[in-house]
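This report refers to the structure that appears directly beneath it.
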There are 2 protein chains.
Amino acid sequence: MSNQERLLVELTDAVGCCSPLVREPLSAEQAVELSRLFKAMGDPVRLRLLSLIASHEGGEACVCDLSGVFDLTGPTISHHLKVLREAGLISGERRGTWIYYRIEPDALRRLSAVLVPDVAAAGPA
Amino acid sequence: MSNQERLLVELTDAVGCCSPLVREPLSAEQAVELSRLFKAMGDPVRLRLLSLIASHEGGEACVCDLSGVFDLTGPTISHHLKVLREAGLISGERRGTWIYYRIEPDALRRLSAVLVPDVAAAGPA
DNA sequence: AGCTTGTTTCGATATTCGTTAAGGCAGACC
DNA sequence: GGTCTGCCTTAACGAATATCGAAACAAGCT
């Protein structure tokens, strides 16, 4: 068993009871903030965009790498990227001709922090 | 920083490099299926409903436990519960007068599996 | 029957998704 | 400098979908 695996097992044992989602009701404010993230990911095109950007070489991708994948026009891709940007899930930077997008790790961290303990609950009783 | 907090940080750091979402592009089919879950959770009321049910005593709650929390009418709560039900996130069962809702762990597990390296598979060797 | 609990139906309003057309920015070329 | 061309965004608009409440409906208990 690797160090990381051991760590993960320790974690799942340690926080199984303490997920923000499962331990106690979310506050209205927490729910509003979190739902913005979930909502932005609640579209198949945006989920794939997110995944394409994240898995692209160097952790970043320009729009030209993305728009060819879908059967959608440029403005539509641009719109979905804007939704992801405004949710804080990605950030864009212009370098010369192209605009490069990359993942904002903090946003994904917040999401997984809500969900991970449920994985733990599914583990050894 | 507590032991548990340190562990959580370790795990969430792993999300940035190893989660399925980040490792390779999602297929169109995966994206459609996953986005249904995210979409259902993309509303603050539904997120709180989910959390209220999950954190309620015995892991289940009747609608009467839920509707009082919000400034919304019964039919609206019923509507949101239906959305969660059709997304497979919760299930309802009638017992006498009341209908009890509980979390469907599989759905949350699928969500976690996208964001987080395979924690469950990292069980005791 | 009457009462309680929860859902369904229907209608009004608001938001989202995708298109076409137009605008902004950077580089190439004269 | 001026004007092309390519890349991406913004603006404007229609169609589809989501959100919510009032009224009507179903299911169970006394």
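None of the figures in this text is laboratory data; all of them are computed from the coordinates on show. Predicted, not measured: the structure shown is a model, and the values here were computed from it. Cβ placement follows ideal geometry from the backbone for every residue including glycine, while neighbour counts extend to all protein chains displayed.
B:His56 sits among other residues whose Cβ lies under 11 Å from its own Cβ, and their net charge, with Lys and Arg +1 and Asp and Glu -1, is -3. Within region A:53-80, what residues put their amide N at less than 17 Å from the label point 7 Å along the Cα-to-Cβ vector of A:Arg95? So the set is A:53-66.
Here A:Phe70 yields copy-to-copy label distances, from shortest upward, of 2.9 nm, the label point defined as 7 Å from Cα along Cα to C-beta.
Sorting B:Glu86, A:Glu104, A:Glu60 by the number of Cβ atoms found within 10 Å of their own Cβ, with the fewest placed first, yields B:Glu86, A:Glu104, A:Glu60.
Across the identical copies, the 7 Å label point of B:Ala28, projected outward along Cα→Cβ, sits 4.3 nm from its counterparts, in ascending order.
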